[in-house]
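Undergrad: Questions regarding the structure given below will be posed in turn.
The values are calculated or read from the model by the stated rules, or taken from the named source; none is laboratory data. What you see is a predicted model, and the numbers here were worked out from it, not measured in a lab. In this analysis, Cβ positions are derived from the backbone assuming ideal geometry, glycine residues included, and neighbour counts consider all displayed protein chains.
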Amino acid sequence: MTETCAPKNILVTGGCGFIGSNFVHYVVNNHPETHVTVLDALTYAGNPANIAGLPADRVEFVHGDICDADLLDRLVPGHDAIVHYAAESHNDNSIANPEPFLRTNVEGTYRLLEAARKYDVRYHHISTDEVYGDLALDDPNRFTEQTPYHPSSPYSSTKAASDLLVRAWHRTYGVRATISNCSNNYGPYQHVEKFIPRQITNILTGIRPKLYGDGLNVRDWIHTDDHSSAVWTILTKGRIGETYLIGADGERNNITVLRDILEVMGQPADAFDWVKDRPGHDRRYAIDSTKLRTELGWAPEHTDFRKGLERTIAWYTEHRDWWEPTKATTEARYQQQGQ
Ligand code: NAD
Ligand code: TDX
């Protein structure tokens, strides 16, 4: 399939977070015809440094909240598409305090959909495989676009709610929407609260890595650059009203990932602590991305997980000034939770 008209002006929400900022870099590097406006509230998870240094004629930053309808009235007209990444994204935080998740993930999506409807702007919604709940370790199936929604955590239930709003706004009001549900991302600019950066930066600061439960929970890892290319593919070639699952066949259990990190960083294989499990901890996620690959011709490029992990470890080693300011508060919060 060939690319239908590449959008000239896109509004990227959450473009100062981990995956959103990697997408902004991807667009700047690969699609010179597209201008990006980043809308980000700069919560604890947003960092303007993630997009600093990008050419001013390609990327404009607007500091603001997706729940601010007046701001959206001023900002959305003139854009060809909204790519909606902004969210409260961390499961452990949603268990400690669900309220911001309801506001940003549900109300924020509602506000953006209303703006997309009012100004007839194409809308792409970034979601997660967690809306499908979890699989048993020995289940031969993986998630597909037909898997029923069965979210487990306050985080994933608010993401599921936001997906359902998108479907309703497409069907009822004709909003030109697509949805993608992606598996666990890794790469640069990921907050140190998340599994892989937490363990790398623990080792770099002399703290022992922490593994939840029995360490056998499985995540389906994808490099964030592959997520970006998949989103661009769906934005430009996807069928309106459709959902596409994004994954790179990267299933691994947590203890295997941790042992890889320990080995690459020259640590003994047992140099970590077992800690309290996450309440309601999903056992396994696994994505079947056949629809995206066969219908739109997308394929991941970063399929060597070990190599991607080594590059990610190198990035955190070389960018201490990026993560050090957030490390102590993040670990203090985990310590309070017994994790
Ligand atoms: P993140 O927490 O790193 O970044 C979220 C960004 O959104 C931050 O920059 C934050 O400041 C901004 N934000 C939060 N609330 C806002 C608001 N009310 N208004 C404007 N901006 C706001 O998150 P991430 O890991 O980059 O995830 C991005 C998206 O991808 C989310 O929608 C998430 O559900 C989805 N996703 C994440 C993963 C993953 O592995 N991290 C996997 C699949 C899908
Ligand atoms: O210190 C830790 N030790 C540990 O064993 C942390 C922080 C996590 N874990 C485990 C829990 C999970 O099984 O590692 C796995 C990954 O944990 P997270 O990084 O918190 O990710 P997860 O809960 O799987 O959700 C992520 O992928 C799907 C993103 O945070 C979500 O935004 C996305 O939707």
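Undergrad: I'd like the residue in the stretch 82-120 that is out of contact with any helix residue (DSSP H, G or I) (no Cβ under 6 Å at 6 or more places or on another chain) and of a type in the set (G, A, S) and, out of all such residues, is farthest from ligand 2 (Cβ to nearest atom).
TA: Per the stated criteria, the residue is A116.
Undergrad: I need the full set of residues from the stretch 115-144 which are crowded, with 20+ Cβ neighbours inside 10 Å, part of a helix (DSSP H, G or I) and among the charged types (D, E, K, R), in order please.
TA: Listed by number, the residues that qualify are D129, E130.
Undergrad: Any idea which of (1) loosely packed, with under 15 Cβ neighbours inside 10 Å; (2) in contact with a helix residue (DSSP H, G or I) (Cβ under 7 Å, 6 or more places away or on another chain) is the one D304 doesn't satisfy?
TA: Checking D304 against (1) loosely packed, with under 15 Cβ neighbours inside 10 Å; (2) in contact with a helix residue (DSSP H, G or I) (Cβ under 7 Å, 6 or more places away or on another chain), the one that fails is (2).
Undergrad: Do we have E99 as surrounded by fewer than 17 Cβ atoms within 10 Å (Cβ to Cβ), under 23 Å from D282 (Cα atoms) and of a type in the set (D, E, K, R) here?
TA: Answer is yes for this residue.
Undergrad: May I pose another question? Scan the stretch 264-275 and give yes if some residue there is aliphatic (A, V, I, L, M), modelled with pLDDT of 95 or more, in contact with a helix residue (DSSP H, G or I) (Cβ under 6 Å, 6 or more places away or on another chain) and buried (at least 19 other Cβ atoms within 10 Å of the Cβ), otherwise no.
TA: no
Undergrad: Ok, one more. What number goes with the only condition from (1) assigned to a loop (DSSP other than H, G, I, E, B); (2) aliphatic (A, V, I, L, M); (3) within 22 Å of I222 (Cα to Cα) that V175 does not pass?
TA: Evaluating V175 over (1) assigned to a loop (DSSP other than H, G, I, E, B); (2) aliphatic (A, V, I, L, M); (3) within 22 Å of I222 (Cα to Cα) leaves (3) as the failure.
Undergrad: Looking only at the stretch 90-132, which residues are more than 10 Å from ligand 1 (Cβ to nearest atom) and under 21 Å from T236 (Cα atoms)?
TA: Within the stretch 90-132, L113, A115, A116, R117, Y119, D120, V121, R122, Y123, H124 meet the criteria.
Undergrad: Quick check on my filter: what residues within the stretch 208-227 are not hydroxyl-bearing (S, T, Y) and not in a strand (DSSP E or B)?
TA: R208, P209, G213, D214, G215, L216, N217, W221, D225, D226, H227
Undergrad: Only residues that are aliphatic (A, V, I, L, M) and either modelled with pLDDT of 95 or more or touching a strand residue (DSSP E or B) at 6+ places or on another chain (Cβ under 9 Å) (or both): list them for the stretch 1-41, please.
TA: I10, L11, V12, I19, V24, V27, V28, V36, V38, L39, A41
Undergrad: Which ranges mark the strands (runs of 3 or more DSSP E) fully within the stretch 1-114 that have 1 or more residues being more than 26 Å from R219 (Cα to Cα) and free of Cβ contacts under 8 Å to residues at least 40 places away in the same chain?
TA: In the stretch 1-114, the matching strands (runs of 3 or more DSSP E) lie at 35-40, 59-63.
Undergrad: Still on this model: Mind telling me which of the residues V264, V275 ends up being hydrophobic (A, V, I, L, M, F, W, C), within 21 Å of L204 (Cβ to Cβ) and more than 12 Å from ligand 2 (Cβ to nearest atom)?
TA: None of the other options fit; the residue is V264.
Undergrad: In addition: Out of the residues in the stretch 245-275 that are within 30 Å of W232 (Cα to Cα) and assigned to a loop (DSSP other than H, G, I, E, B), which is nearest to the chain's Cα centre (by Cα)?
TA: Among those residues, the one meeting the criterion is G247.
Undergrad: Now, a different point. Please identify the pairs in which a residue from the stretch 315-339 that is farther than 16 Å from H90 by Cα and in a helix (DSSP H, G or I) has its Cβ atom under 7 Å from the Cβ atom of a residue that is away from ligand 2 (no atom under 12 Å from the Cβ) and of a type outside the set (A, V, I, L, M, F, W, C), counting only partners at least 6 apart or on another chain.
TA: Listed pairs, sorted by first residue: W315/P188; W323/Y316.
Undergrad: Name the one entry in E99, E60, E88 that is of a type outside the set (A, V, I, L, M, F, W, C) and in contact with a strand residue (DSSP E or B) (Cβ under 7 Å, 6 or more places away or on another chain).
TA: E60
Undergrad: Moving on to the next point. In the stretch 276-306, which residues are more than 14 Å from V218 (Cα to Cα), of a type outside the set (F, W, Y) and not in a loop (DSSP other than H, G, I, E, B)?
TA: Residues satisfying the conditions are T290, K291, L292, R293, T294, E295, L296, R306.
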